[in-house]
Amino acid sequence: MTQQDLLQRAFKEILENETLVSNDPYRLQYHLMAPVGLINDPNGLIQFNGVYHVFYQWNPFETSHGAKFWGHYTSKDLVHWVLQPPALVPCEWYEKNGCYSGSAVEDEGKLYLFYTGNLKNEDGERVSHQCIAVSKDGIHFDKKGPFISVPKGYTPHFRDPKVWKSNDIWYMVIGAQTERKEGQAVLFSSKNMIDWQFKGPMAGSNMNGLGDLGYMWECPDLFNLGNRDVLLVSPQGIEAQGYHYQNLFQSGYFIGEWNPETNVYQHGDFTELDRGFDFYAPQTFEDENGRRILFAWMGITDEQESYQPTIANGWIHALTLPRELQLIGDKLYQKPAAELRRLRKSRDVDEQVSLYDSEESWFELSASVSEKINVEFHQIDADEVEIAIRDNLKLRYQQKEQLFTLERKSFMDRAPESRSCELTSLEKLQIFLDSSSVEIFLNEGQEVFTSRFFADPYHQKVKFTANGKVNATIQKWDLLSFSLVTELKKD
Ligand code: FRU
């Protein structure tokens, strides 16, 4: 199909499903979603001429995975978003089965997209090319075609180029699988962005002192933060270990020192970025204020994916909120981007409560569809503190066990299921609740739990309980929805 045909079909799909999608009570109020169909990875994150660009993997035609487009949003402030026409459409021979994930860079006033052309050949075998597209205005892109094919020793699971420039040299890290079925992050470099040299793996399963860490690494991202070199990767094929690696696929990071000349990367252990159910394929960029900002897919390909109730209404999945990364010691902290304060409906807090030393502490907040709740714990003299959210989620801190747990009802059979992490002390919680998502930042971003959940839309209560004395301040803000924000902008 030609580019024009595919674009027309996609626009038709948006229009035909507009009412169905927007009437879904689970449609999120302040998160980026596809207008219809399936969204997965954030791609091409960049601030270009002052404007933030978020591209995303998009299947407009189904709520399952398929030949992906690059959908496109822009924003001047990370809060008001404009839906732009799709940037890449899978119409050329080398990308016919999807314009897969990638990244964006600016050079001499132009915006370049690097992505993976995914192709199934006549024998049904996967073929993978790294491709480039260029734009002057950041909206319309000219494809320049494939420029890297898979080097010897690797399978066609070779994708997701992340490109950056350092000391006049362009670098590209790619997610790869060796013929021995080991996940790796491999490096290419170039002087002119056209001719690329393969520099080999910089990290991988059974490399640099690591044990087995999966059969494929997706979506690598290498950047410098606090004078250390951070490598994000999304490995597939890691077995669960205690409270770790509980999801089907993982996303996490290494901290270390990378030598661009030798491509040697000395790094520490792999640490998970998020402890919730729905977080995958994160990507970062440095904005014009020098902040390292991360978006991730608030979803994952697992056995629950096809049970999400929004499928009946023509859409599935979303992206996380933007988060600023900070390195404290050897740990990445994630903080909600400061701009998100502008989502508050009123400047003053909507509800504030102080819990004192009563024997049995409990409190119930008034109901809202989208809200931000801050809890500051001054002292906990209780074994267990619990926050029950709507009729679905439970957050629990067990002081003696030093364990924080998020429990939700499974999409498949509504049975309770949980994710936990060790936490020596609980000081602060920031909870972003949307119509069907939660992002919980513990102790200023030391740990984060990101999850979708599908509660009774008419049961919006949030209830605090503790089996002992708790000294805490609870604050709550109602949040605006995107559409409201857009209207406010017009005024
Ligand atoms: C990660 C991923 C990428 C790939 C894209 C396809 O979720 O599998 O490796 O490029 O999604 O949509």
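The values are calculated or read from the model by the stated rules, or taken from the named source; none is laboratory data. Just so it is clear, the structure is predicted and the values come from calculations on it, not from any experiment. With ideal geometry, Cβ positions are generated from the backbone for all residues, glycine too; neighbour counts draw on all protein chains shown.
Quick look at the values:
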read-out: Selection from region 385-405 of residues that are surrounded by fewer than 16 Cβ atoms within 10 Å (Cβ to Cβ), of a type in the set (Asp, Glu) and more than 26 Å from the chain's Cα centre (by Cα); value: Glu401
read-out: Qualifying residue in region 357-372 (condition: under 21 Å from the mean Cα position of the chain (by Cα) and under 24 Å from Glu427 (Cβ atoms)); value: yes
read-out: Set Ser420, Ser437: member being polar (S, T, N, Q), crowded, with 21+ Cβ neighbours inside 10 Å and touching a Lys or Arg at 6+ places or on another chain (Cβ under 8 Å); value: Ser437
read-out: Cβ pairs under 9 Å, 6+ apart, first in region 90-103 and in contact (Cβ under 8 Å) with a residue 24 or more places away in the chain and within 13 Å of Asn59 (Cα to Cα), second away from the ligand (no atom under 11 Å from the Cβ) and of a type in the set (S, T, N, Q); value: none
read-out: Members of region 121-161 found to be touching a Phe, Trp or Tyr at 6+ places or on another chain (Cβ under 8 Å) and among the basic types (Lys, Arg), listed by number; value: Arg159
read-out: Residue that is over 29 Å from Arg291 (Cα atoms) and surrounded by fewer than 16 Cβ atoms within 10 Å (Cβ to Cβ), where the choices are Gln177, Gln241; value: Gln241
read-out: Strands (runs of 3 or more DSSP E) wholly inside region 272-334 containing at least 2 residues that are within 14 Å of the ligand (Cβ to nearest atom) and touching a Ser or Thr at 6+ places or on another chain (Cβ under 8 Å); value: 280-286, 292-297
read-out: In region 13-27, the residues that are surrounded by fewer than 13 Cβ atoms within 10 Å (Cβ to Cβ) and over 26 Å from Ser368 (Cα atoms); value: Leu15, Glu16
read-out: Condition check for Gly268: at positive phi, over 15 Å from the mean Cα position of the chain (by Cα) and more than 16 Å from the ligand (Cβ to nearest atom); value: no
read-out: Options Asp212, Asp229, Asp221; residue that is of a type in the set (D, E, K, R) and within 16 Å of the ligand (Cβ to nearest atom); value: Asp221
read-out: Residue pairs meeting the criteria (Cβ under 7 Å; at least 6 apart or on separate chains; first touching a residue at least 40 places away in the same chain (Cβ under 8 Å), in region 210-223; second in a loop (DSSP other than H, G, I, E, B)); value: Leu213/Ser205; Leu213/Ile238; Leu213/Phe270; Met216/Gly237
read-out: Neighbours by Cβ (under 8 Å, 6+ apart or cross-chain): first from region 4-26, assigned by TED's automatic domain parsing to the domain that holds Gly37; second surrounded by 13 or more Cβ atoms within 10 Å (Cβ to Cβ) and assigned to a helix (DSSP H, G or I); value: Leu20/Asn313; Val21/Asn313; Asn23/Asn313; Asp24/Thr310; Asp24/Asn313; Tyr26/Pro309; Tyr26/Thr310; Tyr26/Asn313
read-out: Residues (closer than 27 Å to Ala296 by Cβ and of a type in the set (Val, Ile, Thr)) located in region 184-232; value: Val186, Val230
read-out: Pairs where the first residue, in region 276-305, is over 15 Å from His53 (Cα atoms) and the second is of a type in the set (D, E, K, R) and within 11 Å of the ligand (Cβ to nearest atom), C-beta under 6 Å, 6+ apart; value: Ala281/Asp41; Trp297/Asp41
read-out: Hey, Phe158 within 24 Å of Gly204 (Cβ to Cβ), among the hydrophobic types (A, V, I, L, M, F, W, C) and within 12 Å of the ligand (Cβ to nearest atom) or not; value: yes
read-out: Yes/no for Leu248 being surrounded by fewer than 23 Cβ atoms within 10 Å (Cβ to Cβ), at pLDDT 95 or above and within 14 Å of the ligand (Cβ to nearest atom); value: yes
read-out: Glu339 being surrounded by 14 or more Cβ atoms within 10 Å (Cβ to Cβ), of a type outside the set (A, V, I, L, M) and out of contact with any strand residue (DSSP E or B) (no Cβ under 6 Å at 6 or more places or on another chain); value: yes
